[in-house]
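Peer 1: Quick one: structure below, then a few questions.
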Amino acid sequence: MIFESNQIGFGASGRNGGWCSGFLPVTLSELEKTHGRIAAIEMYKESFRTLDEIENVITDLQIDCDYHRGGTINGATNLVQKSRVDAEISEMRRFGFGEDDYRTLTRDELSNRLNISDVITASYTPHCAALNPAKLVQGLANAVENLGVEIYENTNVVEYADRHVKTQNHGCKANIVIRATEGFTSQIKRHRRTLAPLYSYMVATEPLTPRQLSTLGWQNRETYHDARNMIIYAQLTQDNRIAFGGRGAPYHFASRVKPQYDVHTEIHEKIIRSMRDVFRVSRELEVTHRWGGPLGVPRNWKPSVNFDPKTGLGSLGGYVGDGVAAANLAARTLAHLIINDKHPLTDLPWVNHPSRKWEIEPLRYIGINGLLKISESMDDHESKHNKPDKIRSFILEKFLGD
């Protein structure tokens, strides 16, 4: 059975940016440092293969979720961003991934895929799809209910322990208890410092007219982001809206998560300005939707899959906003851990490697918001001076590498 504190799709599973990406918030080099070269390569290969798995599930279950695998484009608008794009491609080559996995786009290739002003170089990978996340999660919920799984919505779990779950009004015994709470993990008392809830916000425009769509040249629904420090992400929806998101919202003291945080006027206006800078045609479009929500961030910035057969307790998550495909791979991995069939997925480097907890307050509040300010100021410096901000970059790397 599944306990859902609100409705299916209320959290990140239904309100994310609609990216189904085979990439992870942890790099190949970082994985190599902790688990070795072979393990790093296998982790990424399995993540890339997950898109095929998801496509098969969508097809077999006949889930209409606007899925389209157009890949993703990573653009650079200054020389510092270009160096990051080039470095990502170099790293992929160092680990044996070829042009079929990640490559530089020529100017003609970029303009034929997506006409964006001020981009001096861009990379492309096919390992990403665009979709409607709310439609996907509802389709999956219907599928598991048809298999006999009971889903209890509006049922808040207040605590759990070995083989026992307690809701506000009832208790339930279970041989296996899995926590999959992501950005809402801090609402469970014993997990206040397990994952920090960082808010991500999005907007969507009215549909593009045929003329506007032709101006953009966006024919294959590639997702788009660029190499700035403060993350942005965009997709073209099935009905030709630009859906554009970004991070950088302030962290709330004591890991608070509240409904009123789901809309943030200042951050939404920043996102709209960024969208209009990236896609100039969007200046002609009305913004019709604004929303947001928390994503789960572990202290080491690395997702994990954990299971203890002695207690029956398990968890998966910490996707740092890259959870649509990663959640599929994590769930399949966890299933093999539970049945203990020695499947190769259970040897992946994220298995039973949880992060240490976040610092206590007010250190957590100061550190996270300081990190966000540093990222934003680095982008301003790079844009104005067209060179790296070495001091802030060192601080950022030191914090994330801790």
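The values are calculated or read from the model by the stated rules, or taken from the named source; none is laboratory data. What you are looking at is a predicted structure, and each value in this text was computed from that prediction instead of being measured. So basically every Cβ, Gly included, is an ideal-geometry build from the backbone, and we count neighbours across all protein chains shown.
Peer 1: Could you tell me whether THR50 is within 27 Å of VAL149 (Cα to Cα), free of Cβ contacts under 8 Å to residues at least 12 places away in the same chain and of a type in the set (Ser, Thr, Tyr)?
Peer 2: no
Peer 1: Right, next: Are there any pairs, at least 6 apart or on different chains, whose C-beta atoms fall under 6 Å, with the first in the range 257-281 and under 23 Å from ASN240 (Cα atoms) and the second of a type outside the set (Lys, Arg) and assigned to a loop (DSSP other than H, G, I, E, B), and if so, which?
Peer 2: The qualifying pairs are ARG280/SER117.
Peer 1: From the residues in the range 79-103 that are of a type in the set (A, V, I, L, M, F, W, C) and in contact (Cβ under 8 Å) with a residue 60 or more places away in the chain, which one is surrounded by the most Cβ atoms within 10 Å (Cβ to Cβ)?
Peer 2: VAL80
Peer 1: What number of residues within the range 7-50 satisfy the criterion of being within 28 Å of ARG247 (Cα to Cα), out of contact with any strand residue (DSSP E or B) (no Cβ under 6 Å at 6 or more places or on another chain) and of a type in the set (A, V, I, L, M, F, W, C)?
Peer 2: Qualifying residue count, the range 7-50: 10.
Peer 1: Being surrounded by fewer than 21 Cβ atoms within 10 Å (Cβ to Cβ) and more than 23 Å from PRO362 (Cα to Cα) narrows it down to one residue among VAL177, VAL203, VAL257; which is it?
Peer 2: VAL177
Peer 1: Sort out which residues of the range 29-46 are of a type in the set (Gly, Ala, Ser) and within 20 Å of the chain's Cα centre (by Cα), and write them in order of number.
Peer 2: SER29, ALA40
Peer 1: Of the residues in the range 104-125, how many are without any contact (Cβ under 8 Å) to a residue 12 or more places away in the chain and among the polar types (S, T, N, Q)?
Peer 2: Residues that pass the stated criteria total 1.
Peer 1: Just to be sure I understand, how many residues within the range 216-248 are polar (S, T, N, Q) and at pLDDT below 95?
Peer 2: 2
Peer 1: Let me ask something additional. I'd like the residue in the range 104-149 that is surrounded by fewer than 13 Cβ atoms within 10 Å (Cβ to Cβ) and of a type in the set (Ser, Thr, Tyr) and, out of all such residues, is nearest to LEU216 (Cα to Cα).
Peer 2: SER117
Peer 1: Criterion first (over 25 Å from the mean Cα position of the chain (by Cα) and either under 28 Å from GLU42 (Cα atoms) or surrounded by fewer than 20 Cβ atoms within 10 Å (Cβ to Cβ) (or both)) does HIS191 satisfy it?
Peer 2: no
Peer 1: Which of the residues spanning the range 158-169 are part of a strand (DSSP E or B) and touching a strand residue (DSSP E or B) at 6+ places or on another chain (Cβ under 7 Å)?
Peer 2: Matches in the range 158-169: VAL158, GLU159, TYR160, HIS164, VAL165, LYS166, THR167.
Peer 1: Strands (runs of 3 or more DSSP E) wholly in the range 74-157 with at least 2 residues that are among the polar types (S, T, N, Q) - which ones?
Peer 2: Counting at least 2 such residues, we get 121-125.
Peer 1: For LEU295, indicate whether it is of a type in the set (A, V, I, L, M), crowded, with 22+ Cβ neighbours inside 10 Å and assigned to a strand (DSSP E or B).
Peer 2: Taking the combined requirement at face value, the residue satisfies it.
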